[in-house]
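What follows is one structure encoded as structure tokens, with my remarks underneath.
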Amino acid sequence: MRASFIIILLTFFYSFSVMGQSDLLVLKKKNRTIQSFFPGSEMMFSANLMYYDAYVTSIERDSIFLVQYDVRQVPTNLGVYMLDTVAKYYFSISYKDITAFGRNKKNFNWEASGGALFGGGILLATAGLATWIFSKPHTRYYASPELVVGAAALAAIGYLIMKKGSGNIKLGKKYTLHYINVK
């Protein structure tokens, strides 16, 4: 009785240990790990001239199996809209086809803030330069040089923030994607 219980227990633990193993993908920048991908993690990447935002279901033999959810607003009987998962799309892709990764957009959006600063600075500088052309100096509507220079500086800062915040990580010399076989 005791021997059969131990055999059943060992079989039970072995089945869970085999079932839990899955391969990994590791994104590295100059041999330093930036991000790891495993079943359950979200991947935002470009491959085959398409952009994907999906969840990893498994990674096996250099193929990534993904599921993508189509979430939309649907009306209810009360006339209120709610989010609902309309469809799930299952697909697979080879990790060698991935060309770039997108960054997670759940944090503060620097690109949008830089764009607003850039657009506002350009608009204010253009309006200030227009007052220099179409109004007389030292009148009510004449823009001060400090305003125009400050607006141009804000536009330059906004441009730099936009370029710094661009979120794509292109695979190549600096970034590499490694497949790790766990089994």
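Among the candidates Tyr69, Tyr89, Tyr52, the residue that is surrounded by 10 or more Cβ atoms within 10 Å (Cβ to Cβ), in contact with a Phe, Trp or Tyr (Cβ under 7 Å, 6 or more places away or on another chain) and in contact (Cβ under 8 Å) with a residue 12 or more places away in the chain is uniquely Tyr52.
State all residues of region 154-183 that are over 12 Å from Lys29 (Cβ atoms) and surrounded by 16 or more Cβ atoms within 10 Å (Cβ to Cβ); if no residue qualifies, say none.
Once the filter is applied, which keeps residues that are over 12 Å from Lys29 (Cβ atoms) and surrounded by 16 or more Cβ atoms within 10 Å (Cβ to Cβ), region 154-183 yields Leu154, Ala155, Gly158, Tyr159, Ile161, Met162, Gly165, Tyr179.
Scanning region 131-183 for residues that are basic (Lys, Arg) and assigned to a strand (DSSP E or B) turns up just one, Lys170.
Looking only at residues in region 132-153 that are modelled with pLDDT of 90 or more and open to solvent by less than 70 Å² (accessible area, probe 1.4 Å), the one that is farthest from Ala116 (Cα to Cα) is Val148. Determine, yes or no, whether Thr76 is in contact with an Asp or Glu (Cβ under 9 Å, 6 or more places away or on another chain) and either among the β-branched types (Val, Ile, Thr) or surrounded by fewer than 12 Cβ atoms within 10 Å (Cβ to Cβ) (or both). So Thr76 does not fit the description; no.
State whether the residues of region 120-131 include one that is over 29 Å from Lys164 (Cβ atoms), without any contact (Cβ under 8 Å) to a residue 60 or more places away in the chain and exposed (fewer than 14 other Cβ atoms within 10 Å of the Cβ). Yes, because at least one residue in region 120-131 is over 29 Å from Lys164 (Cβ atoms), without any contact (Cβ under 8 Å) to a residue 60 or more places away in the chain and exposed (fewer than 14 other Cβ atoms within 10 Å of the Cβ). Does region 56-70 include one or more residues that are of a type outside the set (Asp, Glu), in a loop (DSSP other than H, G, I, E, B) and either at pLDDT 90 or above or over 21 Å from Lys163 (Cβ atoms) (or both)? Yes, because at least one residue in region 56-70 is of a type outside the set (Asp, Glu), in a loop (DSSP other than H, G, I, E, B) and either at pLDDT 90 or above or over 21 Å from Lys163 (Cβ atoms) (or both).
The values are calculated or read from the model by the stated rules, or taken from the named source; none is laboratory data. Keep in mind it's a predicted model, so treat the numbers as computed, not measured. Positions of Cβ are generated from backbone atoms using ideal geometry, with glycine treated the same way; all protein chains shown enter the neighbour counts. Accessible surface areas use protein heavy atoms only, side chains included; no ligands, DNA or RNA. Shrake-Rupley method; radii C 1.70, N 1.55, O 1.52, S 1.80 Å.
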